[in-house]
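Everything on this sheet refers to the single structure shown next.
No value in this document is a laboratory result; all are computed from the given coordinates. Keep in mind that this is a model prediction, so the values were computed, not measured. Positions of Cβ are generated from backbone atoms using ideal geometry, with glycine treated the same way; all protein chains shown enter the neighbour counts.
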Amino acid sequence: MEYAGQYRLEARLGSGGMGVVHLARSASGRRLAVKVVHAEFAEDPEFRARFRQEVAAARRVSGAFTAPVVDADPEGPRPWMATTYIPGPTLAEHVKRNGSLAPDEVVALAAGLAEALRDIHRVGVVHRDLKPSNVLLAADGPKVIDFGISRPSDSELRTETGKLIGTPPFMAPEQFQRPRAVGPAADVFALGSLLVHAATGRGPFESESPYIVAYQVVHDEADLAGVPDELLPLIERCLAKNPAERPTPDALMTVLRAVRGPQPPEARGPAAPVVLPAQRVASEPVVPSELEAESEPEAAPGSEVAASGVAGVAAPGGRRGVRRWVPAALAALVLLGAGTVVGLRQLDEREPAAERHPRDSAATTTAWRPWERELRGGAAKAKAKGARPASCSYGDGALYCAARGVQAARIDPADGRVVWSRPATTSRPGGTAADAPVPAGGLVRMVSPDGTRLEALDRRTHAVRWSREVSAYGGRVYSAGETVLLVAADGTVTAVNGATNRERWSHRLAGHPEPSFFAYGDGRTAYALTTAPDGRHTQVTAIDTVRGTTRWQRSLSGTLTPVGAGPDGVLHLTEADEQSRTVAVVRYDPARRAERRSELTVPVSLSSAAARGDRVYLLGEDGGLVAVDTARGAQRWRMETSVANASPLVVSGERLYFSSADGRLLAVDTRRARLLGQTRPRADRPGGQGFLALMPAPVAAAGKVFATVPDGTVFAVDARDPARW
């Protein structure tokens, strides 16, 4: 088999009970791990049903701690699933080769896995096979893989009587006693066993016979000899026989957050990956062969997805001491033990968090609750497949959005109520996402979906205040505050007052035969850029959009694209090489006529970029996020986000927000270089279009973050505590 769908299979990475994992590449060159099921299972209807369930589960939980699904075909002659590939050993391999982890490394591992389970459980999925060979130690932290025997809470597939599913040393007692009633607490038990393995090199229940192991799990106390004293309370609670006595992932995160304490960026940067020989990519099966023979095929997959690594949190590593947190951790665990403080929540509960970041919540009240609103109009209402994500902007205390079938709509940010909606009378070519309306000067401006007319609406009544034919400009319509810039085919730039539709000025710009404009900040300055045919230099001109005069002009070396400009007028740009990879960030201070280049450690295939102050943030197509300090001329940090084909980045305060193609909204702490939280995937909702190549940018305003979903839904979350999203 040379291809799986459109992906050419380049190399074999590993094999297991379900199928074979191959290395492949997408059309853009992104490396993928493609899991192709064995031919004999492809003819089994029950297996196909389980594989469909695995794909659905993997898509639901795709996030920072799991392998994001890029594509799949569970109905093909040979079912397959493609996930992002990031190499890394499994925990089983690492312990076998290097021995047990240090206590602080186990704490870091526990923190990452607790957050992974939180994300898995909150979308209604139970993994049921969390074990060392299903945890990747990627360069940036632990990743949970292989959802081959996971079960969503709404699945119609049920375990058959007499069949065990799982790996005995890492199964919870209820998996042996009541396999049909296994819930999220079983994964917490498995986490406890896994942490014992990480800390000691062996499990808490061991025997050559899988049947004896099963008896030990149900009846005997765990063997915790060799576990560091400071980790005992946490692991003992995870290994409670009664599921109700085990802490939830949220509870574990609370304890571990106190345990680890504040993490300075330099201490939290990505740890060096553990490199394995090329022939040792796949891990070895750990399921005892006797019980494996009586289990379903998926019960012993080995590590066929071990190479489909992903990205997420800080990697285990770094000696930061653990004993100082023992009293606080013990006190917290005592409170958690009886479940009086933290119990099993509904998996889709969305309680607004207590205010922790006052700077982000100026207009947020304690009574406010997250909301979501479907935004479709006209034919799109009747035909769900026509839905596309909405694009939104914020102004005048309201959210303004455009969507398939909706030219513009005003939404109340407090409750998601649609104040008014104006249907679109034309269709956008190709069904792509609409451009967001622009609120300015008491009006709301937008270009019609077919690109022929520029219209301004009254923001309260949505009545048309003025309209202008713009089809002759071929889409070269740029908004710069209260001015609209129209660029003709001959390079003539015409500036229009966005409030009155009156022409302000019209002329060509020296050095720009057909300029592209970018506007930031003050609303009165726009930047025209033209790159020379050989790519050696870029002409940059800053113009006053009201008067049409040139503020400054400079020829800068390289192929440049602007990122943003601050209130001080300092402009940031990215520099690309011949392969269109970003290799540097350029800072230009027009007041001093000073130019500084910050070279990147590794070139980035750029997806989007954003700037705030002296920092520039670059998000690569592979999900890598880089921060560059342009004042110092150096790369500050790098982390992995697991998000490919992301929306443009949005900076608000000390946070970055962006959306993924599966409908997740993510928040990153720019000080600590860590993921703060993310919403659940929404790509497979009824009426959705699955995974999209590009999502519109989210909007951060008034203490909230507004984002869109592939099916046309707009939703809002509280910006104060993304961990509760």
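Shown is the FRET efficiency for D544 and R25, computed with R0 = 35 Å from the Cβ-Cβ distance and rounded to the nearest 0.05: 0.15. In this label model, D229 and R460 are separated by 7.2 nm, measuring between points 7 Å along each Cα→Cβ vector.
For an R0 of 45 angstrom, estimate the FRET efficiency from the Cβ-Cβ distance between D44 and T452 and round to the nearest 0.05. List each step's numbers first, then the result.
Details: r = 55 Å, r/R0 = 1.22.
Approximately 0.25, to the nearest 0.05.
If the chain linking R52 and S557 were pulled fully straight, counting 0.36 nm for each residue of separation and taking away their Cα-Cα distance, it would gain 176.6 nm. Considering only P533, T549, T574, the residue lying farthest towards the positive end of the dipole of region 521-677 is T549, judged by Cα position with unit charges set on Cβ.
So how many Å³ per residue does the convex hull of the Cα atoms of region 92-133 work out to?
Working: hull volume 2.5 nm³, N = 42.
Roughly 60 Å³ of hull volume per residue.
Among the trypsin sites (Lys or Arg not before Pro) in region 391-428, those placed in a DSSP loop whose Cβ has at most 13 other Cβ atoms within 10 Å are R417.
Computing FRET efficiency as 1/(1 + (r/R0)^6) for H219 and K96, where r is the C-beta to C-beta distance and R0 is 25 Å, gives about 0.30.
Rg/Rh, computed from the Cα trace of region 64-103 with Rh as the Kirkwood radius, has the value 1.20.
Among rounded, prolate and oblate, which fits region 446-494 when a ≥ b ≥ c are the square roots of the eigenvalues of its C-alpha gyration tensor, a/c under 1.5 means rounded, and a/b larger than b/c means prolate? Prolate.
The slack between T425 and D568, meaning 0.36 nm per residue of separation minus the straight C-alpha distance, is 47.2 nm. Per-residue extension of 0.36 nm, minus the Cα-Cα distance of R524 and R257, leaves a gain of 91.6 nm for this segment.
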